[in-house]
1. Would you mind ranking Val3, Val73, Val260, Val40 by Cβ crowding within 10 Å, fewest neighbours first?
2. What value, in deg cm²/dmol to 500, does the helix sum -39500 (n - 2.57) over DSSP H runs of n ≥ 4 give at 222 nm once divided by the residues of the chain?
3. At what distance in angstrom do the alpha carbon centres of the range 1-45 and the range 101-135 lie from each other?
4. Distance cut-off 27 Å, Cα to Cα: go down the list Lys321/Lys368; Lys163/Lys230; Lys60/Lys252; Lys130/Lys230; Lys130/Lys232 and report the pairs above it.
5. How far, in nm, would the chain grow between Arg170 and Lys232 when pulled straight, counting 0.36 nm per residue and subtracting the alpha carbon separation?
6. Sort Met131, Met191 so the one with the fewest other Cβ atoms within 10 Å of its own Cβ comes first.
7. Among Met81, Met1, what is the fewest-to-most ranking by other Cβ atoms within 10 Å?
8. Under the 0.36 nm per residue contour assumption, what length would be gained going from the current alpha-carbon distance of Leu44 and Thr259 to full extension?
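Here, each number is a calculation from the coordinates, and none is a lab measurement. Here the structure is a predicted model, which is why all the values come from computation and not from measurement. Cβ coordinates were reconstructed from backbone atoms using ideal geometry, including for glycine residues, and neighbour counts include every protein chain displayed.
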Amino acid sequence: MEVPPPKSLQQPLYVPNKTLMGPGPSNYSQRVLDALSNPVLGHLHPECLQIMDEIKAGLKYAFQTTNEATMCVSGSGHAGMEMALCNLIEDGDVVLLGPTGVWGHRAAEMARRYGADIRYVEARFGRSLKMDDLEFAFEGHNPQIFFIAQGDSSTGILQTHIKEIGELCRKFDCLLIVDTVASLGGTEFLMDAWKVDVAYTGSQKVLGAPPGITPISFNQRAIQHVLKRKSKVKVYYFDVMLIGQYWNCFNKPRIYHHTVSSTLLYGLREALAQLCAIGLENVIHRHQECAWRLQDGIEEIGLEMFVSDENDRLPTVNTIKVPPGVDWRKVAEYAMRKYNLEISGGLGPTVEQVFRIGLMGENATIEKVDLVLNILKEAIQSTQLNKNDKSKI
Ligand SMILES: *Cc1c(COP(=O)(O)O)cnc(C)c1O
């Protein structure tokens, strides 16, 4: 053999212990971390299937739904987006999207590939969508599908009024997809009561489970829509009827569709067990309290939140304006180098403009809020100081 083994793999694995307070992933709890070292199971072994059933029950609680078609897709949050869109869309369908940051545009990029006719209803910069604008857009476009992110992690905007959006969608005979990747567990979300047809979330954000396994739920209305399709779902791997059969959602014998990672299931199962033990209301309350404390602290150190209307602020991913004369990259590097703490910069419409501070799962505690505030303040002061030093030279 002519290709030798690489030298780098003769070194031991090195993983630093970082405090992840960007837009995700968040840190694992000890319970989740411990669960990940269990032995691997076969994807159709009864013990594995039982864990899947337990996860399904936990997800129904987390989404506040009785939907039978509640399952996970193997893949990160993007897989949830792909699955929601590709099962509902047929060629020529009008898909209306309400971007409040990058995620609506990312979903549009996917929907176009599935043959959708893309339309947008845009929010004012730094704000959530208002019902007047939505009603106007629905009348103008008469969409078959509407997509919205409840929490857009690129801007820190929380879309309020999902309940009213659900009613609007019923009025226009339109299916409602809600991305809750950055929001579920950190702010109220009532899938059934709000008439949401498809919702998915991220395992590695508020839930604090490993990335790579994405919870998703389809209501009966969405499943009926899939069953009435004229064409097959374009991606075999994302077909809800097949994945759902593997997850025992349709009272049909389980099939082998793909090999689910039992390791990721252990992590998600334990994360959901912790959510159930503490209680969803308590967990949501804790995230909100932490966000309020962070916002107060941000004002105290003389900074300003990017989202001006308090009601539009996502508690889990907080966006803070980068003040003039401050280099966000230097601040983030300082926090990482000195404290192993992740603070993130902007993304898409907020790039170079904001810091993003995630308060999710294990990192949604008052102690972590105070830690990140102290480090942010120190990092801004130190990096500004360095700049002045340089200008003196
Ligand atoms: C993080 C995120 C995603 C994508 O999740 P990945 O796990 O990175 O694929 C989608 N939507 C929102 C709102 C997110 O915050």
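1. Ascending number of Cβ neighbours within 10 Å: Val3, Val40, Val260, Val73.
2. Working: 12 runs with 161 residues, N = 393.
Computed ellipticity for the chain at 222 nm equals -13000 deg cm²/dmol.
3. For the range 1-45 versus the range 101-135, the Cα centre distance is 36 Å.
4. Checking Cα-Cα distances, Lys163/Lys230; Lys130/Lys230; Lys130/Lys232 exceed 27 Å.
5. 19.8 nm
6. Met131, Met191
7. If I rank by nearby Cβ atoms, fewest first, I get Met1, Met81.
8. Once the chain is fully extended between Leu44 and Thr259, it gains 76.5 nm.
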